[in-house]
1. Among the residues of region 226-248, write down those that are under 25 Å from Glu283 (Cα atoms) and part of a loop (DSSP other than H, G, I, E, B).
2. Test of understanding: among Thr149, Thr183, which residue is touching a Phe, Trp or Tyr at 6+ places or on another chain (Cβ under 6 Å), surrounded by fewer than 20 Cβ atoms within 10 Å (Cβ to Cβ) and either modelled with pLDDT under 95 or of a type in the set (Ser, Thr, Tyr) (or both)?
3. For residues that are in a strand (DSSP E or B) and touching a Leu at 6+ places or on another chain (Cβ under 7 Å), tally how many sit in region 273-327.
4. Which condition does Arg122 not pass, out of (1) in contact with a His (Cβ under 6 Å, 6 or more places away or on another chain); (2) basic (Lys, Arg); (3) farther than 17 Å from Val253 by Cα, if it passes all the others?
5. Please state which one of Asp211, Asp236, Asp194 is without any contact (Cβ under 8 Å) to a residue 40 or more places away in the chain and acidic (Asp, Glu).
6. Restricting attention to region 125-139, which residues are surrounded by 15 or more Cβ atoms within 10 Å (Cβ to Cβ) and either assigned to a loop (DSSP other than H, G, I, E, B) or in contact with a His (Cβ under 9 Å, 6 or more places away or on another chain) (or both)?
7. Can you tell me which residues in region 307-348 are within 20 Å of Glu250 (Cβ to Cβ) and surrounded by fewer than 17 Cβ atoms within 10 Å (Cβ to Cβ)?
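The values are calculated or read from the model by the stated rules, or taken from the named source; none is laboratory data. Just so you know, these numbers come straight off a predicted model, no measurement behind them. All Cβ positions, glycine included, derive from the backbone under ideal geometry; neighbour counts span all protein chains shown.
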Amino acid sequence: MKRLQKAALATAAIMSATACLDGCRQASSTASEVATDSASQIVVAYVTGWSSCMPDPSQMTHINYAFGKVTPSFDSVTVQNPARLDSVVALRQINPDLKIMLSVGGWGAGNFSEMAADSALRAKFAEDCLAKVERYGLDGIDIDWEYPTSSSSGISSSPDDTENFTLLMKQLRSTLGSERLLTLATIWSAKYIDFKAIMPYVDFVNIMSYDMSPASSGRPHAPLYASEASGTHSADSAYRAHLAAGVPAEKLVLGLPFYGRGVDPYPDYMDYKDLKVLPGTVEIYDSIAETPYMADSVSGRILMGFENQRSMAAKLHYIKEKGMLGAMYWEYCADNGDLAQQVADSILH
């Protein structure tokens with residue numbers, strides 16, 4: 001994608017984006033930084049059942065097929081668009097090393113709380129996950145429960161969800177066996193999950209280091225560092241929160257959004273391939289937060305936060321600098337091809 005055109009003028013309020021808050025880039029240096037060899041890193045691409053484009057299997061090591069859902073009977077899992085999943089699995093004919101997993105859950109996907117609370121239901125659910133893995137020739141299961149103990153997405157919850165989530169992951173590991181993959185997607189804050197308890201059971205953790213601030217807050221949703229414009233929530237703070245929660249860097253995968261989040265005149269959600277500078281707006285790059293955003297050209301009010309190749313390069317460098325396992329992105333078909341190739345070139349080559 002060509003770099004979005006930047007208007008010539010911006011107000012002083014816009015330019016204040018270069019001011020840094022306490023706890024931004026310098027604070028991250030307290031974590032252990034270990035350079036990572038690209039040969040050992042991974043790229044996880046979410047591919048949805050409702051999209052139609054086919055991924056280039058040379059651009060990733062793993063595909064998380066979204067989504068499977070916990071059934072209303074709480075004992076099994078459904079697969080959205082099974083024919084598309086079959087076509088995704090067929091990509092192994094091009095890349096035999098490609099790992100393909102069923103991601104179960106997603107925003108607003110319920111029935112987790114009831115299933116995880118009952119040992120018999122957990123066992124039946126895990127057995128059906130194994131059956132789906134075998135039926136479709138998959139490499140494992142990714143759990144995307146958003147979020148244990150929370151009903152913010154409109155799903156049921158219980159104060160016991162965190163403990164039951166651990167029991168669920170233990171059951172899945174036992175049922176799937178040691179040779180299959182078990183991963184999860186987790187909120188940037190590292191809340192809701194007892195990471196120290198689940199570490200023996202999971203292969204890696206995908207941090208959803210996006211949607212960290214709602215568009216209505218006037219903050220970009222996926223900055224790398226804190227700044228005056230971006231606020232305190234950042235991919236860097238998400239990384240450090242997960243380290244503090246007990247996840248080692250070599251099991252962490254940093255999430256990258258192939259979309260923007262906005263307010264009028266922009267939509268709430270906009271694919272990267274559709275991003276544009278609308279009349280009356282200007283593109284700004286916050287060099288402290290390492291994030292671009294669209295702003296009102298008069299007032300400086302932030303209208304949309306998004307990712308571009310400059311911010312992507314900063315995050316990919318960060319992944320290597322911190323010794324993380326790799327990168328994850330949501331989702332492949334929102335791209336025009338440029339970002340996925342950039343991620344592959346940086347992480348895999």
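1. Ala226, Glu228, Ala229, Ser230, Thr232, His233, Ser234
2. Numbers: Thr183 fails: surrounded by fewer than 20 Cβ atoms within 10 Å (Cβ to Cβ).
Of Thr149, Thr183, the one residue that is touching a Phe, Trp or Tyr at 6+ places or on another chain (Cβ under 6 Å), surrounded by fewer than 20 Cβ atoms within 10 Å (Cβ to Cβ) and either modelled with pLDDT under 95 or of a type in the set (Ser, Thr, Tyr) (or both) is Thr149.
3. Start the filter on region 273-327 by keeping residues that are in a strand (DSSP E or B), which leaves 281-286, 291-296, 302-305, 326-327.
Subset that is touching a Leu at 6+ places or on another chain (Cβ under 7 Å): 281, 283, 291, 294-296, 327.
Within region 273-327, residues that are in a strand (DSSP E or B) and touching a Leu at 6+ places or on another chain (Cβ under 7 Å) number 7.
4. So the condition that Arg122 fails would be (1).
5. Just a single option satisfies the conditions, and that option is Asp194.
6. Leu138, Asp139
7. Residues satisfying the conditions are His317, Glu321.
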